[in-house]
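A quick write-up on the structure given underneath.
The values are calculated or read from the model by the stated rules, or taken from the named source; none is laboratory data. The shown structure was predicted, so the numbers you read here are calculated from the model rather than taken from an experiment. Virtual Cβ from ideal backbone geometry, glycine too; neighbours counted across all protein chains shown. What goes into the accessible areas is simple: the full protein's heavy atoms, side chains included, and nothing from ligands, DNA or RNA. Shrake-Rupley method; radii C 1.70, N 1.55, O 1.52, S 1.80 Å.
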Amino acid sequence: MSRGRPDARAADRLLRAAGLTVTLGGVAVLGALLAAVAADAFGGSARPWPPGFARALAGSVSMVGLAGCLAVPIGVGAAVYLEEYAPRDRLTRLIELNIASLAGVPAVVYGLLGLAVFVRALGLGRSLAAGAATLALLVLPAVILSTRAALRAVPRSLRDASCALGATRWQTIRHQVLPAALPGTLAGLVLALARALGEAAPLIVLGALGSLPAPAPGPDGAIPALPARIFDWLSRPEAEFLRNAAAAIMVLLVLVLLLSGLAAWMRDRWRVAHR
């Protein structure tokens, strides 16, 4: 035993060093990629933003906000029902399996679904509403799964204590369970909206295959959103368009970081207020 302890400590130090090396290597690669993109975006003389950038940026922010307004009530409601009300039978297990499977479906499949339902069947065209509805479908499984995980993390004793004091099940969920699960719900929501903000495949499918007339397509017929504009610029061989795409990528990264920082600040403020 005395000889095994130094070996265990050496193995622990070795694993810790290997983990640190892998982490620093990944950070270094990411930093090099960001530096290359920043050099392409801001290298050379200063110039104004390219035409269509402001409209694409406003379209992305509006589209993600509208997608959140559509997905959050439905996702949280579905999670509350599945976790608190649904019977543990075969049908519930089948629904849970389908939701977990939908969370791993490629984004382009949601683009095809949005094309068939929102663009053609409902006649929304290549519009902001069609893009937002498609992104809402994309993030809905992630919202449901993250909210269910947050609800499951709430201790059962909190529910029992509330019911013992005479509260109904809905009062317990509304006043005790949902506030306790708010940090995990916010974290899952941020991850879902960050994914929606950077998704280009569904918007490209809607813009390339959507039927005309469209309520408000972009200048090239694409959905008015930043990822779609980046794809359009990258598909052109001129160096100026590549620099425009690099600058737009940097702006998109900043938006994702700001969104994550805002969610972390809200979560920390909630924890301080409820101590």
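Overview of results
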| read-out | value |
| --- | --- |
| For A36: the one exception among (1) at pLDDT below 85; (2) open to solvent by 60 Å² or more (accessible area, probe 1.4 Å) | (2) |
| Boolean, G59 is of a type outside the set (K, R) and modelled with pLDDT of 90 or more | no |
| Elements of type helices (runs of 4 or more DSSP H) contained in the range 46-135, each with 3 or more residues being surrounded by 14 or more Cβ atoms within 10 Å (Cβ to Cβ) and under 18 Å from the mean Cα position of the chain (by Cα) | 53-80, 107-114 |
| Selection status of L255, over 22 Å from Y110 (Cβ atoms), at pLDDT 80 or above and part of a helix (DSSP H, G or I) | no |
| So L14, is it open to solvent by 80 Å² or more (accessible area, probe 1.4 Å), assigned to a helix (DSSP H, G or I) and at pLDDT below 85 | no |
| Qualifying position, being touching a residue at least 24 places away in the same chain (Cβ under 8 Å), of a type in the set (D, E, K, R) and crowded, with 18+ Cβ neighbours inside 10 Å, among R169, R152, R148 | R148 |
